[in-house]
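The values are calculated or read from the model by the stated rules, or taken from the named source; none is laboratory data. This one's a predicted model, so the numbers in the text were calculated from it and none came from an experiment. Here the Cβ positions follow ideal geometry from the backbone for every residue, glycine too, while neighbour counts run over all protein chains shown.
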Amino acid sequence: MNEEVYRFNCYVENKPGVLARIVGLISGRGYNIQTLNVGPTEDGTVSRMKIDILGTARVIAQITSQLQNQVNVIEVTCRKL
Amino acid sequence: MRTGARALVESLEKAGVEVLFGYPGGAVLDIFNCLPEAKFNFVLGRHEQGSAHMADGYARATGKPGVCIVTSGPGATNTITGLATANIDGIPMIVITGQVALSLIGTDAFQEADTTGIARGVSKHCFLVQSADEIPQTIAEAFYIATHGKPGPVVIDIPKNCQQALTAAKYPERVSLRAYHPESTATVRQLNRLAKLINAAERPVLYAGGGVIASGAASDVAALAHRAEIPVTTTLMGLGSFDEHDPLALGLSGMHGSAAANWALHEADLILALGVRFSDRVTAKISEYAQRATLVHVDCDPASINKNVRADLGIVADVKDVLTTVSSRVKTATHPAWLKRIADWKRLKPLGYRPLHDGVIMPQAVVEAIDRASKGRAIVVTDVGQTQMWAAQYFRHNRPRHFLSSGGMGTMGFGIPAAIGAAFAQPDETVVAICGDGGAQMTFEEVVVAVEHRLPVVFVVVNNGCLGMVRQWQELFYAKRYAGSILGSKGRMTIERIDESALDYDYLPDFVKLAEAHGAKGYRVIDPAKLEPTIKKALAARKTAVVEVIVEPRANVYPMIPGGKSVTEMVFD
C-alpha cells in the first residue's frame, strides 16, 4: 500500500501529559511526525492538535482508533493531504 | 478536613477495595500511616513486581480491579513489568505510586523517577496528582477508566506533599468523563447481518477470546454454540470460556493449538471472533489466515478491529450484549458434515505425547495429574513458556476465570505472585501455580506471602533444568546451540566459562530446601508412579506447598506452527 501524508485534527483536554501520550502513541509505533501544531481553542480547557504523518491508509486507520481510545481525546478527524 | 493520604484511603474504601497489595517506602509513608485504620486488608509483597502481579492475579480471578501501592523511583519502576502484563491482556488494575514533593520534581531528587512518563506506554492511563483536592476525584476516575471499555491498568502518581496537605474534597457519587465514552452497541443492521451470516453458514466456527471472559459472556457463547451447532475454539486468554468436555469444543488454537482447531479455522466459511485481537501467535502467517471465511469480529475495542486481520463485519460492542440480542434471530441448526470433518481431524491428530525415556516423568503428565487430582476444578495459574503451553493444552478447561496466564506479554515470573493474588480473591478455591524452574526463580520470594497468610496455594515447579521454550527454539531453529538456556550443571556452552567437572550437583537451586526456607512444605517427585499421589496429598493438606517435579528435559511443545508458516504447515513432533 502507498504511503501518503495524512493530517489528524485532535481536540484534546488541556491537561499535562496529554501531548506526551499522543506523541508517544505515534512515535512508539515507529511513525515519524512531519508537522505538529498545538494551540488553545476558544474554550480554554480544550486544545487542538494538528499532526501530519506519512503512512499507509491501514496504519492511519489504526492510529485514528488508537487516538480515539485515549482518555483525554475528545474528537479526532483525519484527512489525506 | 483531612490529609490527602487519609482522603486516598477513604476513596479506596468507597471504591470497594477489599485488599491492597504493595510495598512501602519514603514517598508513600503518609499513606501507610493511614493503613492501620483502613477497612481493607494490606498484603506486603517482597518485591514490587510481585505486588503488581498479585493485584493482576486478583483481578483475573474476580474481574474486579486489583490495587497495588508502591513508593517512588525504584518502587514505581519495579511495577512496569506488571503494568505491561496487565495492559496487553486488558486486566483492570490500579497502581498507586508515591512521588517526590511537587517542588522537588525535576531536580533529580532521591528516589525520583518520571513515573507517568515511564508508565505511559504500558498502561491504559496515568494521572500525576497536582494537589490533595484532586485525590478523591482522581481515584474515582481511575477505577472508572480501569473498568470501562477495554479494561486496563491505571497509574496514579501522588507527590508526597499532596499526601500531607489538607483537603475537604469528597469522593464523587458518579463519574462522568468529558472525553472518554467507550460504550458502544451493535446497530440493528449489524445484528441482522450477523444473524443472517450465522443462519447461512455451513462451516461456522466460534472463536472465543479473553473478551468473552471479561464481558461475562461464557454462558452466552455456549448457548449460541448449542443452538446453531457451532464448534468453539478459544485463544489462550479465552481458555475456560467454553467447557472443553463439550463435544463442540476444539480447544486452543494458534501456534500450539490443536490440529482440529487450526484446521477448522482454516476451512471455515464463517468465523465468529468474539473478544479477540488476532495476536500473531494465533494467526500464524497472516496472508494465509482464514482465507475461505467470512470473518465477523466483535470486540469492545475499536482499535482491535481491522488491526491484524480484515473483518468482513466488525462490531464494536460488548460481546455479551451482542450475543444476547442476536440469539433470538439465530435459527437452530445442525452441521453434520462439518462436525464429521472436525471429528476426523480430532481422531487423526489428537493431542498427545510419547514418553522419551522409561521412568522419566513427561511434563505434560504433570498437567494431567493436576487436572485429575483437582477434579478439573483448580484455578490454574501459569508462568510462561513450555509449562504454560502444556497447562493450556492438557488441562481440560471448563469454567471462566480458572486459567490465569500472561498471554500477550509472556511475563516470566508471573505465576507465583498471580497465584497468590488469585488465592486472596478466591479463598475457598483450589489454586495451583504451574511454573518452570526458570520462571519460578524470578519471583520465588513471594512464596513467603502465601505462607504467612496461610494460603493453600500449591506451586508446582516443573523442573527440566533448562529454559524449555528457549531450548526448544534453539533445537528446532538455531542448530541446537543452547546458548544461555541450560540451568543445570551439564550442557553449558563454553561462553559461560563454567567448569562442569568441578560441579558436585546436578542442578540448583534445591526447590525443596528453598520451599522449606520460605516456610512452605516441599515435595520432590522423580518417580512417575508418585506424581499424582503427591499432588493429591499436597492439595489435600490445604497448606502452602511447593511440588518440584523432575521431568524429561528434552520434551517439546507440539503441535507447533513455526513462525512465519501457515496452519497447513503444522509440525506434530
- When restricted to A:GLY30, A:GLY24, A:GLY55, the only residue over 18 Å from B:ARG178 (Cβ atoms) and touching a Lys or Arg at 6+ places or on another chain (Cβ under 6 Å) is A:GLY24
- Task: List the number of the failed condition for B:PHE278; all other conditions in (1) surrounded by fewer than 21 Cβ atoms within 10 Å (Cβ to Cβ); (2) in a loop (DSSP other than H, G, I, E, B); (3) within 14 Å of chain A (Cβ to nearest Cβ) hold.
- Result: (1)
- Task: State whether one or more residues within the range B:461-469 are assigned to a helix (DSSP H, G or I), assigned by TED's automatic domain parsing to the domain that holds B:VAL380 and at pLDDT 95 or above.
- Result: yes
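Okay, residues lined up against (1) crowded, with 17+ Cβ neighbours inside 10 Å; (2) modelled with pLDDT of 95 or more:
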| residue | (1), (2) |
| --- | --- |
| B:VAL322 | yes, yes |
| B:ARG347 | no, yes |
| B:HIS357 | no, no |
| B:ASP371 | yes, yes |
| B:ILE379 | yes, yes |
- Task: Would you list the helices (runs of 4 or more DSSP H) that sit entirely within the range B:155-259 and hold 1 or more residues that are assigned by TED's automatic domain parsing to the domain that holds B:LEU272 and of a type in the set (Ser, Thr, Tyr)?
- Result: B:218-228
- Within the range B:290-328, work out how many residues are of a type outside the set (A, V, I, L, M), away from every other protein chain (no Cβ under 14 Å) and touching a helix residue (DSSP H, G or I) at 6+ places or on another chain (Cβ under 9 Å). 10
- Can you name the residue in the range A:45-68 that is of a type outside the set (A, V, I, L, M, F, W, C) and away from chain B (no Cβ under 13 Å) and, of all such residues, is surrounded by the fewest Cβ atoms within 10 Å (Cβ to Cβ)? A:LYS50
- Item | From B:ARG120, B:ARG189, B:ARG174, residue being without any contact (Cβ under 8 Å) to a residue 24 or more places away in the chain and either at positive phi or within 11 Å of chain A (Cβ to nearest Cβ) (or both) | B:ARG120
- Message: I'm trying to understand the selection: among the residues of the range A:48-73, which are under 12 Å from the mean Cα position of the chain (by Cα) and hydroxyl-bearing (Ser, Thr, Tyr)?
- Response: A:THR64, A:SER65
- Task: Sort through B:ALA222, B:ALA217 and tell me the only one that's under 24 Å from B:ASN199 (Cβ atoms) and out of contact with any helix residue (DSSP H, G or I) (no Cβ under 7 Å at 6 or more places or on another chain).
- Result: B:ALA222
- If B:VAL155 satisfies every condition in (1) within 14 Å of another protein chain (Cβ to nearest Cβ); (2) over 22 Å from the mean Cα position of the chain (by Cα); (3) β-branched (Val, Ile, Thr) but one, which is the exception? (2)
- Item | Single unsatisfied condition, B:ALA201 versus (1) out of contact with any Asp or Glu (no Cβ under 7 Å at 6 or more places or on another chain); (2) surrounded by 15 or more Cβ atoms within 10 Å (Cβ to Cβ); (3) among the hydrophobic types (A, V, I, L, M, F, W, C) | (1)
- Within the range B:78-111, the residues that are surrounded by fewer than 24 Cβ atoms within 10 Å (Cβ to Cβ) and over 23 Å from the mean Cα position of the chain (by Cα) are B:VAL100, B:ALA101, B:LEU102, B:SER103, B:LEU104, B:ILE105, B:GLY106, B:THR107, B:ASP108, B:ALA109, B:PHE110, B:GLN111
- Note on the structure: Flagged pairs (Cβ under 7 angstrom, 6 or more apart or on separate chains; first in the range B:359-375, in the same structural domain as B:PRO533 (by TED's automatic domain parsing); second basic (Lys, Arg)) are B:ASP371/B:ARG396; B:ALA373/B:LYS536
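Matching residues to (1) farther than 23 Å from B:VAL322 by Cβ; (2) at pLDDT 95 or above; (3) charged (D, E, K, R):
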site	(1), (2), (3)
B:THR107	yes, yes, no
B:ILE118	yes, yes, no
B:SER131	yes, yes, no
B:GLU141	yes, yes, yes
B:PRO151	no, yes, no
B:THR167	yes, yes, no
B:ALA186	no, yes, no
B:VAL205	no, yes, no
- Does B:ALA76 satisfy being at negative phi and either assigned to a loop (DSSP other than H, G, I, E, B) or of a type in the set (S, T, N, Q) (or both)? no
- Task: Filter the range B:103-117 for residues that are away from chain A (no Cβ under 14 Å) and not in a loop (DSSP other than H, G, I, E, B) and give the result.
- Result: B:SER103, B:LEU104
- All-but-one check, A:GLY30 against (1) under 20 Å from B:GLY152 (Cα atoms); (2) in a loop (DSSP other than H, G, I, E, B); (3) more than 10 Å from every other protein chain (Cβ to nearest Cβ), failing number (1)
- Query: Among the residues of the range A:3-12, is any at pLDDT 95 or above, within 14 Å of another protein chain (Cβ to nearest Cβ) and more than 11 Å from the chain's Cα centre (by Cα)?
  - Reply: no
- Can you name the residue in the range A:69-81 that is surrounded by 13 or more Cβ atoms within 10 Å (Cβ to Cβ) and in contact with a strand residue (DSSP E or B) (Cβ under 6 Å, 6 or more places away or on another chain) and, of all such residues, is farthest from the other protein chains (Cβ to nearest Cβ)? A:CYS78
- Count of the range B:256-269 residues which are within 13 Å of B:ILE230 (Cβ to Cβ) and surrounded by fewer than 24 Cβ atoms within 10 Å (Cβ to Cβ): 1
- When the residues of the range B:124-147 are filtered to those that are within 10 Å of another protein chain (Cβ to nearest Cβ) and not in a helix (DSSP H, G or I), which remaining residue is nearest to B:ALA84 (Cα to Cα)? B:LYS124
- Task: Give the residue that is nearest to A:ILE60 (Cα to Cα), with candidates limited to residues of the range A:13-27 that are more than 9 Å from every other protein chain (Cβ to nearest Cβ) and surrounded by 14 or more Cβ atoms within 10 Å (Cβ to Cβ).
- Result: A:ILE26
- Going through the range B:176-198 one residue at a time, which ones are surrounded by fewer than 19 Cβ atoms within 10 Å (Cβ to Cβ) and of a type in the set (Val, Ile, Thr)? B:THR185, B:THR187, B:VAL188
- Filter the range B:488-540 for residues that are among the β-branched types (Val, Ile, Thr), more than 24 Å from B:PHE444 (Cα to Cα) and assigned to a helix (DSSP H, G or I); the one that is farthest from the chain's Cα centre (by Cα) is B:THR494
